[in-house]
Each structure stands twice: as C-alpha cells, then as structure tokens.
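Scroll down for the structure; my scribbles are underneath it.
The values are calculated or read from the model by the stated rules, or taken from the named source; none is laboratory data. Remember, predicted model here, so these are calculated numbers, not experimental data. Virtual Cβ from ideal backbone geometry, glycine too; neighbours counted across all protein chains shown. Just so you know, the surface numbers come from the protein's heavy atoms only, side chains and all, with ligands and any DNA or RNA stripped out. Shrake-Rupley method; radii C 1.70, N 1.55, O 1.52, S 1.80 Å.
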Amino acid sequence: MAKDYCVLGIESSCDETGVALVRVQGQDLPVLLAHALYSQIEMHQAYGGVVPELASRDHIRRVLPLTQEVLQASGKTLQDVDVVAFTRGPGLAGALLVGAGVACALGASLAKPVLGVHHLEGHLLSPFLSVDPPEFPFVALLVSGGHTQLMQVDGVGRYQILGETIDDAAGEAFDKSAKLLGLGYPGGPALSRLAEMGDPVAFKLPRPLLHSDNLDFSFAGLKTAVMVQAKKLASAQGCAVEGLHGQVLADLAASTQAAIVEVLVKKSLAALKATGLRRLVVAGGVGANHSLREQLNLACARRGVRVHYPELHLCTDNGAMIAMAAAMRLQSGIQLASEVYAFDVKPRWPLDEIMA
Ligand code: KG4
Ligand code: ZN
C-alpha cells in the first residue's frame with residue numbers, strides 16, 4: 001500500500017446509508033475528507049420500526065448518489081479511491097448485501113482492493129475522528145442499538161471483552177420503553193428529549209446487576225418495570241398506556257433514563273478500576289445521550305479519568321466510522337485489503353472473531 005491513499009467507506013447495516021472518504025498518510029491518524037448520510041427514519045416511522053426489505057431497497061437508491069456527493073465534496077474522483085471498505089456485519093442481511101455488493105462492484109471495476117469491516121469496530125474507533133482523539137490503551141463502553149459491552153482496548157484489533165449484556169442492550173431498553181410509552185421510533189432520542197422535562201427520581205425503577213461482582217449488564221427487567229408503572233398511571237389517567245400524557249409521562253421517561261444511565265456509569269467506573277486504566281471511550285448511538293455524557297463527565301472528572309466521545313453526529317451509524325476502521329486496520333498491518341470480489345456478509349458476527 002502506498003504511503004498516501006484514500007479509503008472509501010460504505011455503511012448500510014440498518015436504517016442509515018452512510019458514505020465517507022478518509023485520507024491516510026503514513027502512520028498519522030487518518031483524516032476525514034467528506035461524509036454523507038441518508039437516514040431512513042421517516043420511511044420506517046409509519047411502521048413503528050425498521051422494515052428490513054424497505055431498508056435494503058432504500059440503500060440501493062441512496063448509495064451511489066451519496067458516493068457522488070462525497071467525491072464532489074472532497075474534490076476527488078472515483079479514480080482517487082484506493083480501497084473500498086464496507087460494513088460486512090453485523091446487521092440486516094439484505095441491507096448489508098447492498099453495501100457489500102456496491103463496494104465489490106466498485107472495487108472490481110476500478111481494479112482496487114476491498115475490505116469488509118465489523119460495524120462495532122467502526123463504532124469503537126469512531127472517537128478517533130473527533131477533535132480530541134483518545135490514545136491506546138483505554139476502556140471502551142460500547143452502547144449501540146443491539147450491543148452493550150465494556151472492553152479493554154489495547155490497540156486496533158486488540159479488544160478484550162470485560163462484560164456485556166446478558167439480555168437487552170441499553171439502546172434496546174431505551175427503544176422498547178419508548179415504544180410501550182407510545183413515543184414511536186426511534187425511541188432513544190424521543191425518550192431522552194422527554195426526560196429533559198421530567199423528574200428522574202419520581203419513580204423507583206430497578207437497576208439490574210448494579211451491585212453484581214462482574215461487569216455484565218441486564219436491561220430486560222427494566223422495560224417490564226416501566227410497563228407495570230405505565231399501566232398503573234394509565235389506569236389513573238383513564239387511558240391506554242400509549243395514551244399517557246403530561247408530567248407523569250415525562251417523569252417516567254426521566255426515571256427510565258436515570259436507571260439506564262446509572263448502571264452504565266457505575267459499570268464503566270468499575271471497569272476502569274478493574275483494569276487500572278485512566279481513559280474511557282464511549283461509542284455507539286446511546287453515546288449521544290446527553291444525560292449519559294453529563295454523568296460520565298462528572299464521575300470521571302472526580303477520579304481524574306479522561307473521557308472521549310465521537311462527535312455527536314458520528315455517534316449513530318455513518319460511513320465515516322467504516323472508512324476510519326478500515327484505514328486503521330490497514331495502518332496497523334493486521335489486515336490487507338482483498339482483490340477477491342466474491343463477497344459475503346455476516347448478519348451475526350461476534351467481535352472477538354476479528355481480534356488481532
Ligand atoms: O449505534 P447505533 O446508531 O446503531 C446500532 O449499531 O445499533 O445505535 C442506535 C441506538 C438506538 O437504540 C437509539 O435509540 C439509540 O442508539 N440512541 C439514543 C440516543 N440517540 C440514539 N439513546 C438514547 N439517547 C439518545 N440521544
Ligand atoms: Zn451502529
């Protein structure tokens with residue numbers, strides 16, 4: 001690989017089509033030249049959640065115009081692309097196939113190599129695109145829609161899972177609670193907006209595994225507790241659970257968020273203590289949550305721990321994190337881009353399969 005090259009990244013694992021171009025110069029941190037994103041939220045809203053077939057079809061419509069937009073914004077052409085990276089998994093099979101198919105077609109037609117990226121590694125390394133990038137080693141709190149994991153990260157591909165959820169992910173706890181409260185999809189941002197107006201100690205909700213002696217999480221019981229509380233309030237208001245309104249709804253949202261955030265913060269602190277590390281990196285969609293950031297900042301400042309986040313607009317799915325993860329894997333020498341264009345995708349793909 002030349003010393004100076006460009007990596008195009010394509011993300012299509014779920015309900016966002018993302019494309020980005022990063023530039024790699026030697027061992028310097030890769031630089032984002034441009035990125036473009038199309039969110040399918042509006043399309044799926046009518047169904048109350050992601051419809052996989054509609055997602056795949058929409059990725060097909062968006063991916064090439066977004067690629068053109070990125071090339072134009074960075075003043076480059078397709079000929080300037082040296083490697084084409086794509087999300088190989090985990091995610092929705094049909095949606096992943098669109099990104100993989102387009103990436104391999106581009107690679108084959110340009111005679112440039114391709115590289116399949118693990119979506120979670122993309123999230124994990126996305127803070128390196130921020131104005132305040134971390135340094136290895138660090139503890140990572142990975143909180144996406146489907147995953148909640150604490151990891152010790154010693155370098156690219158050197159990830160040790162310290163703890164993870166035994167049932168629902170934190171993002172799922174946000175989404176499922178929001179859905180049962182009639183807040184629609186996507187639930188996390190809606191619930192957290194409402195929580196701003198509520199009282200976080202109004203309702204006593206469970207904090208599962210808060211005092212366990214390991215670093216695992218469990219959020220499935222929380223949504224049941226939210227449902228039980230919501231039913232009580234709804235019968236007092238004389239409406240269905242989805243029809244709850246007013247201050248009590250905001251209070252329940254705030255109490256739900258407080259329960260999730262408290263567990264995430266306490267377990268992150270326990271992971272820092274267990275590893276002796278002084279640096280925490282937060283990644284994934286729930287990392288956009290305002291209250292989580294506030295509480296982590298406060299707790300870490302008290303203990304002299306540095307916290308790093310992705311830029312807010314790069315917390316949820318995007319192409320920049322895929323291009324970045326590919327670039328960092330190439331730089332670290334643990335993976336070569338491939339000139340074989342027969343592709344597959346991995347809808348289920350444990351992160352430990354890509355460790356160096
Ligand atoms: O990382 P991500 O974009 O997709 C996956 O790889 O899963 O994460 C999406 C998750 C969803 O559960 C969404 O509700 C949650 O992140 N999320 C939030 C916020 N923004 C996105 N949860 C709480 N507060 C937010 N502000
Ligand atoms: Zn994601």
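Expressed to the nearest 5 percent, the antiparallel share of DSSP beta bridges inside the chain is 65 percent. Within the listed set Leu124, Leu92, Leu150, the Gaussian network model of the chain (springs between alpha-carbon atoms below 10 Å) gives the highest mean-square fluctuation for Leu92. Ellipticity at 222 nm from helices only: DSSP H runs of n ≥ 4 in the chain, each -39500 (n - 2.57), divided by the residue count, give -13500 deg cm²/dmol.
Our summary gives the chain a relative contact order of 25 percent, counting only alpha carbon pairs under 8 angstrom and 6 or more residues apart. For region 138-234, the spread of Cα positions along the three principal axes, ordered from largest to smallest, is 49, 28, 21 Å. Points 7 angstrom from Cα along the Cβ direction at Ala356 and Glu339: gap in nanometres? It is 2.5 nm.
Within region 304-356, the GluC sites (Glu not before Pro) that combine a DSSP coil assignment with at most 16 other C-beta atoms in a 10 angstrom radius are Glu311, Glu339.
Report in % the part of the accessible area of region 219-356 that belongs to carbon and sulfur, leaving out ligands and nucleic acids; probe 1.4 Å. Result for region 219-356: 55 percent of the exposed heavy-atom area is carbon or sulfur. With the largest listed first and rounded to whole Å, the semi-axes of the equivalent ellipsoid of the chain from the Cα gyration tensor are 36, 24, 16. Translational D (Stokes-Einstein, µm²/s) of region 138-309 at 10 °C and 1.306 mPa s when Rh comes from the Kirkwood sum over C-alpha pairs? Answer, rounded: 98 µm²/s.
Once ligands and nucleic acids are excluded and a 1.4 Å probe is used, how much of Phe343 is accessible, expressed in Å² to the nearest 10? Only protein atoms counted, so the area is about 90 Å². Normalised by the number of residues in region 154-263, the average gap of Cα pairs under 8 Å and 6 or more apart makes the relative contact order 39 percent.
The largest-to-smallest principal axis extents of the Cα set in region 1-62 are 47, 16, 15 Å. Taking square-rooted eigenvalues a ≥ b ≥ c of the alpha carbon gyration tensor, is region 1-153 rounded, prolate or oblate, where a/c under 1.5 means rounded and, failing that, a/b exceeding b/c means prolate? Because a/c hits 1.5 or more and a/b fails to exceed b/c, region 1-153 counts as oblate. Across region 90-238, C-alpha contacts under 8 Å between residues 6 or more apart give a mean separation that, scaled by the residue count, equals a relative contact order of 16 percent.
When the Cα gyration tensor is reduced to axis lengths a ≥ b ≥ c, the ratio a/c is 1.5 or higher for region 32-82, and with a/b above b/c it is classed as prolate.
Distance from the Cα centroid of region 196-231 to that of region 266-304 is 19 Å (rounded to whole angstrom).
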